[in-house]
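Visitor: Before I ask anything, here is the structure I am working with.
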Amino acid sequence: MFVSDFRKEFYEVVQSQRVLLFVASDVDALCACKILQALFQCDHVQYTLVPVSGWQELETAFLEHKEQFRYFILINCGANVDLLDILQPDEEAVFFVCDTHRPVNVVNVYSDTQIRLLIKQDDDLEVPAYEDIFRDEEEDEEHSGNEGDEGSEPSEKRTRLEEEIAAQTLKRRQRREWEARRRDVLFDYEQYEYHGTSVGTDGCGHGPGHTMGATILEQEQDGASQPRSRLCVARGRAEPLGLSWVKRHSGQGCPRGGSCCFCSSVKYVTDVGVLQRHVSRHSHRREDEAHALSVDCARISFEYDLRLALYQHWSLHDSLCNTCYTAARFKLWSLHGQKRLQEFLADVGLPLKQVKQKFQSMDVSLKENLREMIEESANKFGMKDMRVQTFSVHFGFKHKFLASDVVFATMSLMESPEHGSGTDSFTQALDSLSR
């Protein structure tokens, strides 16, 4: 069933319990986990964290820990499958599921006791009605042909028997029609897989829809105390409000733009607006000294920036060549595409010597109007989505990080084969989200 009051029906339930967190191995889940960890640390909630990267791992981990826990939290896994059928839990086990994967399994939706979905119902879920999917088994009617009816006329018995046969035939036909409608309804509901509002909040060619970060951040801030909410934002870095953008796993979703097949630009802009309101609320300070922030505090801001991966940390040329959006538009795998890239740089007015050195080493005069110059030339080359809405974070006078920059860095840590086991990579990626 869907949880309507996250604070009362979820957080206050697990606050006094020891819980087990199953976290999927993707950046969106990582961000949501980081937010939830901050809340748990504030309220001294005992928890065990287990990363999982597939249904087999989830099942194995559950069998290993099910005797020690009653409450289980699944982050970015579990919503689109029948959990009760897969895990076969005891009757007292309770699962809180916060997942972007759609469609949500109908058994999970209509399970009133063990499955509780931490999913915003204002998403376009389009869950079929209960009576279209489930049907209470009717008890077989007892036949009234008693041996004591010896005095009944044979014609009466024959008439009653014919009526019973007709009624049973009608019920069988109605059941077959209902089952046919049920198959059609389930087919329409389950034929496409997609992603809903992220559990961390997403972005352009590398993560699904948009978020538990947004979901948990929004719901917990509505019910939590203000200091706790601020801690959530501070500890989550750009993640609750920026990385919360990214749910990148198996090439799904998009860290920068919202023009991929998984998240429409309209959905992206809507979720940006939600996060922007949180940013504005936490960034607002009175100007007197008592409310002034320390210089080295994290400062999160909303801005428009270029849809180029890590361009402020690489050279501009490397970023253009390795960003999915520009690489596909220019067709850089071909000689013609390489030539078009050179033409684009010439149109922008950037010398090759400048674009092939690190961005920080470029002439200041070129960097001042770089975004406007690139956007103007991009429109001529058919790239009308070169500018995107995003978030950035500053720590004092240190380098500024865009949400997408942190996304790519976290993805590389989690997917790198150099860190040994998947658990080690997950732990290192999770630690990287801390300041």
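Visitor: Restricting to region 370-388, give me the number of residues that are closer than 24 Å to residue 267 by Cα and out of contact with any Asp or Glu (no Cβ under 8 Å at 6 or more places or on another chain).
Guide: The total comes to 7.
Visitor: Residues that are at pLDDT 85 or above and open to solvent by 10 Å² or more (accessible area, probe 1.4 Å): find the strands (runs of 3 or more DSSP E) completely inside region 1-119 holding 2 or more of those.
Guide: Here the list reads 47-52.
Visitor: On to the next question. Every residue in region 408-435 that is touching a strand residue (DSSP E or B) at 6+ places or on another chain (Cβ under 8 Å) and assigned to a loop (DSSP other than H, G, I, E, B), please.
Guide: Passing the criteria: only 435.
Visitor: Look through region 283-305, keep the residues that are assigned to a strand (DSSP E or B) and touching a helix residue (DSSP H, G or I) at 6+ places or on another chain (Cβ under 6 Å), and return whichever of them is modelled with the lowest pLDDT.
Guide: Once the filter is applied, the top-ranked residue is 298.
Visitor: Hey, residue 386 hits all of (1) surrounded by fewer than 16 Cβ atoms within 10 Å (Cβ to Cβ); (2) in contact with a helix residue (DSSP H, G or I) (Cβ under 8 Å, 6 or more places away or on another chain); (3) modelled with pLDDT under 90 but one; which does it fall short on?
Guide: Condition not satisfied by residue 386: (1).
Visitor: Given the criteria under 20 Å from residue 197 (Cβ atoms), of a type outside the set (Gly, Ala, Ser) and touching a strand residue (DSSP E or B) at 6+ places or on another chain (Cβ under 7 Å), does residue 74 qualify?
Guide: Yes.
Visitor: If you scan region 347-362, which residues turn out to be touching a Ser or Thr at 6+ places or on another chain (Cβ under 9 Å), outside any loop (DSSP other than H, G, I, E, B) and of a type in the set (A, V, I, L, M, F, W, C)?
Guide: 348, 355, 359
Visitor: OK, next. When you look at residue 97, is it closer than 17 Å to residue 3 by Cβ and over 18 Å from the mean Cα position of the chain (by Cα), yes or no?
Guide: For residue 97, the condition - closer than 17 Å to residue 3 by Cβ and over 18 Å from the mean Cα position of the chain (by Cα) - is not met.
Visitor: Take the conditions out of contact with any Asp or Glu (no Cβ under 6 Å at 6 or more places or on another chain) and within 27 Å of residue 106 (Cβ to Cβ) and apply them to residue 59. Does it pass?
Guide: yes
Visitor: Turning to a different aspect of this structure: Can you name every residue in region 320-349 that is in contact with a helix residue (DSSP H, G or I) (Cβ under 8 Å, 6 or more places away or on another chain) and closer than 21 Å to residue 400 by Cβ?
Guide: Once the filter is applied, which keeps residues that are in contact with a helix residue (DSSP H, G or I) (Cβ under 8 Å, 6 or more places away or on another chain) and closer than 21 Å to residue 400 by Cβ, region 320-349 yields only 320.
Visitor: Which members of region 391-407 meet the condition of being in a strand (DSSP E or B) and open to solvent by less than 10 Å² (accessible area, probe 1.4 Å)?
Guide: Across region 391-407, the qualifying residues are 391, 392, 393, 402.
Visitor: Please work out which one of (1) over 17 Å from residue 326 (Cα atoms); (2) aromatic (Phe, Trp, Tyr); (3) modelled with pLDDT of 85 or more is the condition residue 344 fails and give its number.
Guide: (1)
The values are calculated or read from the model by the stated rules, or taken from the named source; none is laboratory data. All values derive from a computational prediction rather than experimental measurement. A quick note on method: Cβ atoms are made from the backbone with ideal geometry, for glycine too, and the neighbour counts reach across all protein chains shown. With ligands, DNA and RNA removed, areas are computed over all heavy atoms of the protein, side chains included. Shrake-Rupley method; radii C 1.70, N 1.55, O 1.52, S 1.80 Å.
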